[in-house]
Amino acid sequence: MANDKKPGKQEQSALREPDRRLAALKAEREQLLKQLQEVNEQLARCGFKVKEQADELAQERDKLRAIVNAMADEVWFVNAEGIVSPVNEAAIRGLGFEKAEEIPQPIQELLSKLEIYTPEFCPLRREEAPLLRSLKGETLTNFEVIVRLRKTGELRYRLINSAPVRNGDGKIVGAIAVTRDVTDERNRMRKGPQS
């Protein structure tokens, strides 16, 4: 009965080797599960923080939108590709439009539909338009123009402040302009003091 012989130390060790490997794999699996749980908890915390930050950002955006829409001055934005958009209702009405969709989006097309003059009543060259100059890096303060509204033929005196908009790397990604209609003030100045 050679088969009834007890295994020797070497054979016993060989028989226990799969058990040790299995135990090591189980321990490694438990460690990985623990790490995975920690990562999931961290992701949940980060996800909460991201949602919280997104909510804060949305509140700030809504607050800024309300402030800009409450402004009597027109606010215009043009991106680096030359697509212009009114930022508030005053911008839409300021040029005699009723809806934002009526405003031509490429700035060159919008400028071609406007009669814009210098204070000396000379036609303003398109490349001198404040938003285009700001797209090239210029900041303009109280740049005065006269605009003839196409629908009514009325002349409107306007002061424009414009500046480039830069990204975090300093690259110009657009330009912003704030325009104030000063027609009533100009008319009062021309009439002189009322007696």
Unique residue being surrounded by fewer than 17 Cβ atoms within 10 Å (Cβ to Cβ) and closer than 30 Å to residue 62 by Cβ when the list is 93, 188: 93
Got a sec? Which of 80, 129 is surrounded by 17 or more Cβ atoms within 10 Å (Cβ to Cβ) and either modelled with pLDDT of 90 or more or within 18 Å of residue 182 (Cα to Cα) (or both)? 129
Criterion violated by residue 126 - all others in (1) within 24 Å of residue 71 (Cβ to Cβ); (2) charged (D, E, K, R); (3) in contact with a helix residue (DSSP H, G or I) (Cβ under 9 Å, 6 or more places away or on another chain) satisfied: (1)
Selection status of residue 156, within 25 Å of residue 96 (Cα to Cα) and of a type in the set (D, E, K, R): yes
Is it the case that residue 118 is surrounded by fewer than 13 Cβ atoms within 10 Å (Cβ to Cβ), more than 27 Å from the chain's Cα centre (by Cα) and assigned by TED's automatic domain parsing to the domain that holds residue 81? no
Based on this model, can you work out whether residue 100 counts as surrounded by 12 or more Cβ atoms within 10 Å (Cβ to Cβ), under 22 Å from residue 183 (Cα atoms) and either under 25 Å from the mean Cα position of the chain (by Cα) or among the charged types (D, E, K, R) (or both)? no
Every listed condition ((1) of a type in the set (D, E, K, R); (2) modelled with pLDDT of 85 or more; (3) not in a helix (DSSP H, G or I)) holds for residue 34 save (3)
In the stretch 80-103, anything of a type outside the set (Lys, Arg) and either assigned to a loop (DSSP other than H, G, I, E, B) or outside the structural domain of residue 180 (by TED's automatic domain parsing) (or both) is listed as 80, 81, 82, 87, 88, 95, 96, 97, 98, 103
I want to confirm something. Restricting to the stretch 132-169 and keeping residues that are in contact with a helix residue (DSSP H, G or I) (Cβ under 6 Å, 6 or more places away or on another chain) and either farther than 13 Å from residue 180 by Cα or not aliphatic (A, V, I, L, M) (or both), which single residue is surrounded by the most Cβ atoms within 10 Å (Cβ to Cβ)? 162
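The values are calculated or read from the model by the stated rules, or taken from the named source; none is laboratory data. Bear in mind that the values here come from a model prediction, so they are computed numbers and not experimental data. Neighbour counts run over all protein chains shown; Cβ positions are idealised from the backbone, glycine included.
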